[in-house]
Amino acid sequence: MIVCLKIGSLVVMALALAWAGVFAWWRQWHMALAELSLTVVGLAGWLLIYSGRMNSALIVIQSALLVFVVCFTLMFDVPNAGIPRITHLYLLFLALFGYINYLRRKSKVQIGLIAACLGAFVVLSCTTYALPFARVIPDDIRSAGVWINGVLATTMMWGGVWAIQREFTRPKGMALELRNAVRNNEMRLYFQPQIDHAGMIIGAEALLRWEHPKRGQVSPGEFIPVAEEAGLMPLLGGWVLQEACKTLVDWSDDPVLSRLTLAVNVSATQFKVDDFESSLLELVGVHGVNPARLKLELTESVIVHDMEPTVARIERLRGAGIGFALDDFGTGYSSLSYLRRLPLDQLKIDRSFVRESLECERSAGLVKSIIKLGLDLGFVVLAEGIETTAQHAFLLKCGCDEFQGYLFGRPMSEDDFREHVRTATFAAADASPDLLRRAVGEIRSGNERAVN
Ligand code: C2E
Ligand code: MG
Ligand code: MG
């Protein structure tokens, strides 16, 4: 912006000087003088920007230009039956310029200047008013001037709109860093165990983490909304799906890990991308992933708009063997009618319900009803965010099928998750030899094969 303004004030100076020369050549001394005063405005603006006083520079330039355009129009650019007024068109550009500055730094003075520009534009467009001592520019000059100024002012307007458009679409700050984060290998997948009613680990949810080089680990709660807004979710989500597929392939060699499902969160913007379905199926095919091991977690926001195409897409992907869960159930729009129509496998009850489940009878009743509803509709019901054994016991009693929460393991790196699964499997085998004898036998024989 500073560079643009420096160039802009130089251009104003140069143009004003050129016009001053032209008017002097035509012996229009008043106008030559007016143009010279504009050169002074350009110079003052350039000096203020140069000395780092950007805000004062912008306000001074805008105010001076506003006064100049209004005075010039009333004094010299007086319309007649053959030739309209034109100079006041620059007021629209000035208002737009003010708005760009307002986006950069909000101020009441700026709003006042924008209002003054627009007000003056309206008055000068709707009247033929001129100062009583006006010195009208000769018609032969004005007839050329309307075209030159018309084209110039419109081009400047177009430039202003283009600048605003760029400002809106340019990813800034964290969004810019996020775009590079995937390329710089700063993203990690963490895994949080999911267990069944018997306490066995049956899967994991893949949760994204950003290892920021300066800020350390950044939580998805912080960067996902930024990525959503900057339109980066398809890029980030694509990386997550690719990593999830690679992980499933790695697990497929392991007798215990190969039984696990991996749940991946998919945002609304990612799921709605046209080629989401084909690129996911291609990814699954290229990596040779068993689609039954992959589960996509959608939130209610995916479903609310465009129900029909969403249902069709879910049905096609389910047809290919991929599972679907509805994440954070109960926190969004929660219309019960869509639950009936959605081809889902699993309902994930949001952790806010779990947290409150033991606080009062009403909350307990609500959780019971949600679980019953999910089960009656034929879904597997998983409760998220379980932190205490009391919550677990209550949910088990309510008939909940699966569980996830800090009580069973926090999100962890892949190496830690492997270790966690092994330890948990051995522990469970000791507690219930019949159930797990075979699984542990397979791990041990797998270990022997690896040693040999
Ligand atoms: P989510 O999908 O509902 O994931 C569960 C969140 O609950 C995770 O937060 C997890 O760490 C947290 N959690 C699990 N158990 C407990 C518990 O016992 N107590 C408490 N207090 N929290 C628990 P996290 O990892 O910070 O993720 C937050 C959200 O960010 C996720 O909510 C999900 O919506 C989103 N997210 C994470 N990774 C991805 C991703 O790869 N793609 C997309 N689209 N969203 C993601
Ligand atoms: Mg989730
Ligand atoms: Mg959730």
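The values are calculated or read from the model by the stated rules, or taken from the named source; none is laboratory data. Quick caveat: nothing in here was measured; it's all calculated off a predicted structure. Here Cβ is always computed from backbone atoms with ideal geometry, including for glycine, and neighbour counts include all displayed protein chains. Keep in mind that these areas ignore ligands, DNA and RNA; they rest on the heavy atoms of the full protein, side chains included. Shrake-Rupley method; radii C 1.70, N 1.55, O 1.52, S 1.80 Å.
Counting just the residues of region 290-305 that are open to solvent by 10 Å² or more (accessible area, probe 1.4 Å) and outside any strand (DSSP E or B), which one comes out nearest to ligand 1 (Cβ to nearest atom)?
By that ranking, first place goes to THR299.
Quick check on region 351-365. Is at least one of its residues away from ligand 2 (no atom under 14 Å from the Cβ), under 30 Å from SER278 (Cβ atoms) and over 29 Å from the mean Cα position of the chain (by Cα)?
No, the conditions are met nowhere in region 351-365.
For region 208-225, which residues satisfy the criterion of being farther than 20 Å from LEU241 by Cβ and of a type in the set (Val, Ile, Thr)?
VAL218
With within 16 Å of ligand 1 (Cβ to nearest atom), open to solvent by 10 Å² or more (accessible area, probe 1.4 Å) and in contact with a His (Cβ under 8 Å, 6 or more places away or on another chain) as the only criterion, which of LEU235, LEU283, LEU248 stands out?
After ruling out the rest, the residue left standing is LEU248.
Among the residues of region 397-416, is any under 33 Å from the mean Cα position of the chain (by Cα), basic (Lys, Arg) and surrounded by fewer than 17 Cβ atoms within 10 Å (Cβ to Cβ)?
Yes, the conditions are met somewhere in region 397-416.
Taking interchain pairs and intrachain pairs at least six residues apart, which have beta carbon atoms under 7 angstrom, with the first residue in region 133-154 and over 19 Å from ALA18 (Cβ atoms) and the second surrounded by 13 or more Cβ atoms within 10 Å (Cβ to Cβ) and β-branched (Val, Ile, Thr)?
ALA134/VAL78; VAL136/VAL78; ASP139/ILE83; SER143/ILE83
Report, by residue number, each residue of region 318-374 that is hydroxyl-bearing (Ser, Thr, Tyr), in a helix (DSSP H, G or I) and away from ligand 3 (no atom under 16 Å from the Cβ).
The answer is SER337, TYR338, SER363, SER369.
Checking CYS245 against (1) part of a helix (DSSP H, G or I); (2) within 16 Å of ligand 2 (Cβ to nearest atom); (3) of a type in the set (A, V, I, L, M, F, W, C), which single condition isn't satisfied?
(2)
When you go through THR310, THR299 one by one, which is the residue that is among the β-branched types (Val, Ile, Thr), modelled with pLDDT under 95, in contact with a strand residue (DSSP E or B) (Cβ under 6 Å, 6 or more places away or on another chain) and assigned by TED's automatic domain parsing to the domain that holds GLU402?
When all the criteria are applied, what remains is THR299.
Scan region 188-229 for residues that are of a type outside the set (A, V, I, L, M, F, W, C) and buried (at least 19 other Cβ atoms within 10 Å of the Cβ) and jot them down.
Once the filter is applied, which keeps residues that are of a type outside the set (A, V, I, L, M, F, W, C) and buried (at least 19 other Cβ atoms within 10 Å of the Cβ), region 188-229 yields TYR190, GLN192, PRO193, GLN194, GLY203, GLU205.
Restricted to region 41-66, and to residues that are assigned to a helix (DSSP H, G or I) and of a type in the set (Gly, Ala, Ser), which residue is farthest from GLY98 (Cα to Cα)?
ALA44
For region 382-399, name all the residues that are within 16 Å of ligand 3 (Cβ to nearest atom) and either outside any helix (DSSP H, G or I) or in contact with a Phe, Trp or Tyr (Cβ under 8 Å, 6 or more places away or on another chain) (or both).
Within region 382-399, LEU382, ALA383, GLU384, GLY385, ILE386, GLU387, LEU395 meet the criteria.
Residues checked against (1) within 14 Å of ligand 2 (Cβ to nearest atom); (2) closer than 29 Å to ILE370 by Cα:
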position: PHE271; (1), (2): yes, yes
position: PHE276; (1), (2): no, no
position: THR299; (1), (2): yes, yes
position: ILE303; (1), (2): no, yes
position: GLY323; (1), (2): yes, yes
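Within region 204-220, identify whether any single residue is touching a residue at least 40 places away in the same chain (Cβ under 8 Å), hydrophobic (A, V, I, L, M, F, W, C) and assigned to a helix (DSSP H, G or I), and answer yes or no.
So far as region 204-220 goes, no, none of its residues is touching a residue at least 40 places away in the same chain (Cβ under 8 Å), hydrophobic (A, V, I, L, M, F, W, C) and assigned to a helix (DSSP H, G or I).
Hey, could you check region 258-280 for residues that are without any contact (Cβ under 8 Å) to a residue 60 or more places away in the chain, polar (S, T, N, Q) and within 16 Å of ligand 1 (Cβ to nearest atom) and say which is farthest from THR310 (Cα to Cα)?
SER279
Restrict the check to region 252-264 and report whether at least one residue is assigned by TED's automatic domain parsing to the domain that holds PRO193, within 16 Å of ligand 2 (Cβ to nearest atom) and among the β-branched types (Val, Ile, Thr).
yes
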